[in-house]
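The values are calculated or read from the model by the stated rules, or taken from the named source; none is laboratory data. All values derive from a computational prediction rather than experimental measurement. Glycine also receives a Cβ, built like all others from the backbone with ideal geometry; neighbour counts cover every protein chain displayed. Areas reflect the complete protein model, heavy atoms only, side chains present, ligands, DNA and RNA absent. Shrake-Rupley method; radii C 1.70, N 1.55, O 1.52, S 1.80 Å.
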Amino acid sequence: MTDSTVEVLCYWNGTILRTETDLRYIGNNVEIEPIDVPIHTTFVELLKMIYDIIGVDRDDQLVLKCRHPTKMNKFQPLVVRNDRTVARMLLVPSKYGMSSVQLFIEQTPNHYHLSNEMGHLTRLSTGDTDVDDENERDEEDDRDDAIDTDEIHLPNDDENCCQTENIDLVMVQQVVECENTRFVNLEIGDRSNNPEVEFEVENTSLVASPHEMTVTIGAIQAVVAEQFGYQISYQKAMKAKRKAMTRLFGDWYKSYAELPRFFLALEQSNPGCIMYSKTVPGNNPNEEIFQRFFWAFAPSITGFAHCRPVLSIDGTHLYGKYKGTLLIAMGCDGNNQLFPLAFAITEGENTNSWSWFLACIRVGVTQRKGLCLIFDRHPGIIAAVNETYSGWTQPDACHRFCMRHLASNFNTKFKYKTLKDLMCRAAMESKVKKFISHMDTIGRINAEARNWLEQIPLEKWALSYDGGRRYGIMTTNMSEVFNGVLKGACTLPITALVQLTFYRVNSYFTVRREHGASRLASGEEFTPHIDAKIKAKVVKAGAHEVLLYDHVAGRFHVKTRHSVGSSNRKPRTYHVTLQTGSCTCNKTLLLGFPCSHILAACHCRAIDFQQFVQGYYTTRAYLSTWAPLFYPIFDELEWPQYNGPIIVPSDSMKRLTSGRPKSSRLHNEMDARETRTPQTCGLCKQSGHNRCSCPKRETNDRRNMDTPLFRARPDLEDTSVLTLQHRHRSSTIRVDPDMGSVLSCQHRMLREWVLDDRVRPYIIQSGFYVFHRVGHVKVDWPLITALVERWRPETHTFHMPVGEMTITLQDVAILFGLRVHGHPVTGSTDIDWHALCEELLGVRPTETDIRGASLTVRFITTHFSRLPPGVVDEVTLQRHARAYLLLLYSWGSATLAHLYRELCRASLDSAESIAGPLHLLQLWSWERLHVGRPSRSLPHAPVPIDERFPPDALGSRWRVPLSHTDTPHHVLVTYRDEFDRQRSDQVLWQPYTDDILALLPDICLADQDIWRTMSPLIFFYIVEWHRPERVLRQFGLIQGIPSTPPIDSDLHSIDRRGRPQFDWRLYHEHYVALWEARGDHIVTAAPIGPHMDYHAPYMTWYRRITRRFITPMSDFGPMRYQATALSAHLLIETMTSIISRGGHALEDFDTDACRTGIVDIVRMATDVMCIIPEDYRLPHVEHGGDRSPAQSTVARPPLVRGQSTSRGRGRYSSCHPITSSVSASLQPPTFLSSRLVQSPISSDVPSVQHPTSSDPPSAQPLTSSDPPSVQPPTSITTSYLFRPTISAD
């Protein structure tokens, strides 16, 4: 690709498959050809290039769709059909940082190869195909010959138009301002999945689906909230939409009065249009009440004479301000495409309205004899067509039922899918014998079902008894498809709706007229649909054996061959009579073009087969169908004046209820997919509901609300930060702790790779030797899972009970010895990876060794795990060094970005595994947290034995034998409960002391200036924010309430899928610039003391926005581990409340006995808080500043890493009795001081005797078996030291 050209990868010989988030090209024979397309190439020039490449006839129809990326990590189809869309396609590389454009090509029709020449048929042959089995139904592929329920197809513009897209209000206004068409041309697919792609208004191309004529209420609310920052109500948005629709398309009431004037303008510009109306006198003079309206356009009336004599009728409801039904009559052209013929708006579907509609067609549109009318067995239609003088009875017309609606009625009555399938097979059979066979099978299963079918005249629903009247059209799909096209327009005012039909039908005529003219000019005899059918039959005919019996009458005996591997080895025989153009297979009569048996007979006698193809299928008839012209309607100011009565809507048709109209469609089994899997709940795995309506969630919520722990519920008080709580793993655990299964840790670090001494210098030279020394660490899966349960993707921090923590660039540098400075690890992936590996490693990987842009570990270990013995050249040593480096996680910021992304992904409830540098996460946890932390059997010796090598990073000190004898390990529920019971003194906020830093290599401390940068971390497609401002305590700074908003979750949806060759540096250009300016975004704050108070502003705010407890307070059974975190929290909260309320109660009571009792309660509760120890939570106890819990009024044993604190129920073995030296320093709470001075405690109340400072802590245990002596208080301080006896049990 150069500045003036763009590389376009053309895919053909396949099929385009569109998914919800991507566009794919599938097929067994897909071919890819790159072409360099100049920037200013036109659509015609591009087509010429494509035709030259794929080597097909210029008259073959091609569908071109570009795989267009969006900013939401999705791909949508860009339909390439004019110069503007070609220009947009060629801008994709420069706009999205891609090296090439993928263009998917579909060809219609498919061509086949004829194995031997057959006279005039040889011209049809190209390509290869296999001979199909001629036995049973696939002998002639009956479903290919018949036009089944899915075969009616639209051209490419119709396919796009039938999708349900919404456009914003601005685009609707642009649509209206375009006076020539007033509608939108959709260039790219689904607007809801592709918000970044623009829409264009064009006056000369196809108009888009009327689904785009309106915008949903929710979309209006979202636009207002995004642009103005104000959330409007549903009713206000609905009123705004109604006003906008009125401004754009006119008032619903006034639109009825404008309708006659529009038809005068239509008749003025397009003479020959038919319009009939039916009104009733109104309440006022010169006023008529609208009842029905019929219209048909002159080109449709003229062109229908060249269509097959088949009409499909159906109706659809109107959903605007006024009720009604839109009736549609559709024909079918020679290319099997729908042909819009006539329309009507009536008060509903009933016998009178259908009779009037069909009468209008007979009088003003067509008087053709022998018309076949296909409908859905609506009682009103059946009654209307059977009226004696309606013009729709025999011999003027015949009636046929829609097979799909009949099958739906059949399934509704008998509710057996097998019977329904057999009924459809019977209806589609062309041979009477096979029809009877299917009916016999139905009778054997259910005799009543067969009787139900036989009561319906067979010619009305069975193809074998049709006599060729319906031309193989078995359903009303033509009308249903056009109803779908008009569905969005059914909410418009009546005049806008009629205008839409004009522009829509004109678009059909414009495109297909051009298509027919091009085929006629190229000498094509038949339409593409029939051409493809005949070519397929030509191939079959080449495998038949033909025996002549009568050369005058042209009687032949045609014998088919069986396919290889067919279960039925017996060939089939058919009798052909060319004089009458008949065959015993019956398909020529039913479909109107020759079967393969007649084609074989024609070849045998060198007869032109074209005489057996009905004239409707010729290219000349196809062009005549679409040849009539539409003419533009004049501007509204130039419309003729209407002098008749004013048309007003009927008050009875006005909708009485406001809001969105309720769908009047009667849903049945046709509205559901038969192979759809049942919906299952993500929590209880049961069907019938989803996660939000799960009864188990409701039961557990009520259980939590009914307990005394209601104040300690894990619900968030403020949901502005953790916006993804409903999808978080902790939500699943809350309903059922057993659902929080252990994540599968996909850790790719090799256990043992013996680094050869000859390679070591190159590893040191690369700067990764220190990281290499960290080595392999066995990952504790339950510990990783417990940490993931506390990770929050909105903040990139772990939400612990004591505050937020996270892995920062400081941890990466100190633990791993990786540089965190420098350019971001990103760039283009448009590389020949095989050639690059061969250049750097000396071995070219196979196709299975490279997956996208990843090289398998097996390939590296196979070729580079061992150096050959003896003398090895320098090039080989460098290659082995590069191979080893590929197995290491390198580049500090990229490593952290990868870990952040994996944590964010695994923290959602649907994740089952986690990957990435998990040993970094585990080492970080061991350095800072007590949960799952093993004991090291050997001290850390960072200084290397050989001075030639640099010292080790801090992470290597865990590369020693580890012991878990004193620590619970490898149990998720235990880890979870340990985290729930975490105290502030169980966290090492600053584990990297000056003594430790002094022993580390220079590479660990080289980038200290950016450890606190608030910048994006980039690793090719990954962009994750580094947020040290939320964890300033890890840097020894005061932690304030963060002011930064939550992280944009859209970044988490960007990945490599569908982008094997992509320039990520250009795609993330904005974030790359932020990283390059990382030095300008360093977070600073004042130094902090050793402890943050429990009631500090940050901690108060933090407890409101987070969920501190993961495990709910539930009964897990007598033989299960009992989580105690929430129970302990309830105890602590209750004690705090008792102390607080007791102090306030002393203000209200004057009796000494009452005060004495309250003081006793307060002191007992205070003792419990001191023993737990949780006395730092008491709001009124003076700690003398920012003292830690260890420095509070109770002496505590120091925290010993790796030893249990035994904080179980009633166990205080780790708490030492209170010494006299400590007791002498105690002061009463502030809320007790005044009352205690006024009323000393009575001397007959026992108090606790405290041991002297010389006694060992364990010499005077606080037990009930050793009653303390009684000592009267001598002062306020000694009164406060009164402690009732508390049992250790």
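Assuming charge only on the beta carbon of Lys and Arg (+1) and of Asp and Glu (-1), the dipole of region 525-621 about its Cα centre is about 420 debye to the nearest 20.
If you count, for each residue, the other Cβ atoms within 10 Å and average over each peptide, how do 41-50, 799-808, 276-285 line up from highest to lowest?
The most tightly packed comes first, giving 799-808, 41-50, 276-285.
The alpha-carbon of residue 535 sits under 17 angstrom from the alpha-carbons of these lysines, leaving out residues fewer than 8 places away in its chain: 587. Residue order by solvent-accessible surface for 230, 1067 is 230, 1067, largest first, with ligands and nucleic acids left out and a 1.4 Å probe.
Listed by chain and number, the lysines placed with their C-alpha closer than 20 angstrom to that of residue 369 are 460; residues fewer than eight positions away on the same chain are left out.
Measuring only protein heavy atoms, the 1.4 Å probe finds residue 215 accessible over about 10 Å². Per-residue packing, averaged as other Cβ atoms within 10 Å, sorts the ranges 360-371, 722-733 into the order 722-733, 360-371, beginning with the highest. Note that region 358-371 has calculated 3J(HN,Hα) couplings of 5, 5, 4, 5, 5, 7, x, 10, 8, 10, 4, 8, x, 5 Hz, one per residue in order, obtained from phi through the Karplus relation 6.51 cos²θ - 1.76 cosθ + 1.60 (θ = phi - 60°); glycine and proline are x. Applying 0.36 nm per residue to the separation of residue 561 and residue 834 and subtracting their alpha-carbon distance, the gain on full extension is 93.4 nm. Projecting the Cα atoms of 15, 35, 75 onto the dipole axis of region 1-100, where Lys and Arg carry +1 and Asp and Glu carry -1 at the beta carbon, places 75 farthest toward the positive end. Given a 1.4 Å probe and the protein chains as shown, residue 74 ends up with an accessible area of around 50 Å².
Across region 1056-1071, computed HN-Hα scalar couplings (Karplus, 6.51 cos²θ - 1.76 cosθ + 1.60, θ = phi - 60°) run 8, 4, x, 10, x, 10, 8, 9, 6, 5, 6, 5, 9, 4, 5, 6 Hz from first to last residue, x flagging Gly and Pro. For residue 323, the lysines whose Cα falls under 16 Å of its own Cα, not counting residues fewer than eight places away in the same chain, are 254, 487, 654, 662.
Label-to-label distance, residue 863 versus residue 230, with points set 7 angstrom from Cα along the beta-carbon direction: 6.5 nm. Computing the accessible area with a 1.4 Å probe over protein heavy atoms, can you report the carbon and sulfur percentage for region 612-656? Ligands and nucleic acids excluded, carbon and sulfur reach 57 percent.
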